[in-house]
1. Determine which single condition Ile92 fails, assuming it passes every other condition in (1) out of contact with any strand residue (DSSP E or B) (no Cβ under 7 Å at 6 or more places or on another chain); (2) more than 22 Å from Phe129 (Cβ to Cβ); (3) at pLDDT below 95.
2. Restricted to the range 77-88, and to residues that are outside any helix (DSSP H, G or I) and open to solvent by 60 Å² or more (accessible area, probe 1.4 Å), which residue is farthest from Glu165 (Cα to Cα)?
3. I'm trying to understand the selection: among the residues of the range 159-189, which are among the hydrophobic types (A, V, I, L, M, F, W, C) and at pLDDT 90 or above?
4. Tell me yes or no: at least one residue of the range 100-117 is more than 30 Å from Gly184 (Cβ to Cβ) and at pLDDT below 95.
5. Quick one: count up the residues across the range 54-76 that are outside any strand (DSSP E or B) and among the small types (Gly, Ala, Ser).
6. Kindly indicate whether Ala35 is in a loop (DSSP other than H, G, I, E, B), crowded, with 17+ Cβ neighbours inside 10 Å and under 19 Å from the mean Cα position of the chain (by Cα).
7. I'm told Ala10 meets every condition in (1) exposed (fewer than 14 other Cβ atoms within 10 Å of the Cβ); (2) under 18 Å from Gly153 (Cα atoms) except one. Can you identify the failing condition by its number?
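The values are calculated or read from the model by the stated rules, or taken from the named source; none is laboratory data. Here the structure is a predicted model, which is why all the values come from computation and not from measurement. Methodologically, a virtual Cβ is constructed for each residue, glycine included, from the backbone with ideal geometry; neighbour enumeration extends over all protein chains shown. The area values use the complete protein model at the heavy-atom level, side chains included, leaving out ligands, DNA and RNA. Shrake-Rupley method; radii C 1.70, N 1.55, O 1.52, S 1.80 Å.
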Amino acid sequence: MALRHAVLAALLDGECSGYQLAKAFDVGMANFWHALPQQLYSELAKLEREGLVSGREVVQETRPNKRMFTLTGAGLTELRRFAAAPSSPSSIRDDLMVKVVAADSVDAAELIGQLEERAAIAGAKIELFDKLLGRMRGDLDEADFLARAAQVGPYLTCLRGREFERGNRDWCDRAASVLRAREGADVRR
């Protein structure tokens, strides 16, 4: 997946500025796509040149002018083409996993600390996803929301993000527990 498709998908909700897009990425897409604001602005300019988004300038008296962007028909067509193409399986690329591979040859206490820190970060993200999912659902329970909401895509990706972080937290907790138990044990080397 290219950044272009993530930007096009983010614009499905309607017109927004580059700043608003960056905020939307921080909240709604951070669990599966990370982009710096500079990357987003550069991509918006490229997409506008290609006719996949349209931009308009909004004059502001007390602030610098801003540009608002909207998905064009060509942009929607490109997003549909992308959605119809086969997806590659995802893979994990994580420096902490490399460190755990080397667990038997490195300082276990340091590694346990890093695993505990990562578990805490995952726990905080789970809480954020729970709040975000609750805001999306409003007064509806999850089953009603999924059956009746006008849009379920952002909700489903947040569910995936929450499950991903639960898996991270649980694995980190287990790995730290195993390493802690092995610290004083008679381990064959």
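1. (2)
2. Among those residues, the one meeting the criterion is Pro86.
3. Answer for the range 159-189, where residues must be among the hydrophobic types (A, V, I, L, M, F, W, C) and at pLDDT 90 or above: Leu159, Phe164, Trp171, Cys172, Ala175, Ala176, Val178, Leu179, Ala181.
4. Scanning the range 100-117 turns up no residue that is more than 30 Å from Gly184 (Cβ to Cβ) and at pLDDT below 95.
5. Of the residues in the range 54-76, 3 are outside any strand (DSSP E or B) and among the small types (Gly, Ala, Ser).
6. It is true that Ala35 is in a loop (DSSP other than H, G, I, E, B), crowded, with 17+ Cβ neighbours inside 10 Å and under 19 Å from the mean Cα position of the chain (by Cα).
7. Condition not satisfied by Ala10: (1).
Here's the yes/no breakdown for (1) open to solvent by 60 Å² or more (accessible area, probe 1.4 Å); (2) in contact with a helix residue (DSSP H, G or I) (Cβ under 9 Å, 6 or more places away or on another chain); (3) modelled with pLDDT of 95 or more:
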residue: Cys16; (1), (2), (3): no, yes, no
residue: Tyr19; (1), (2), (3): yes, yes, no
residue: Lys23; (1), (2), (3): yes, no, no
residue: Gly28; (1), (2), (3): no, yes, no
residue: Gln39; (1), (2), (3): yes, yes, no
residue: Glu50; (1), (2), (3): yes, yes, yes
residue: Gln60; (1), (2), (3): no, no, no
residue: Lys66; (1), (2), (3): yes, yes, no
residue: Gly75; (1), (2), (3): no, yes, yes
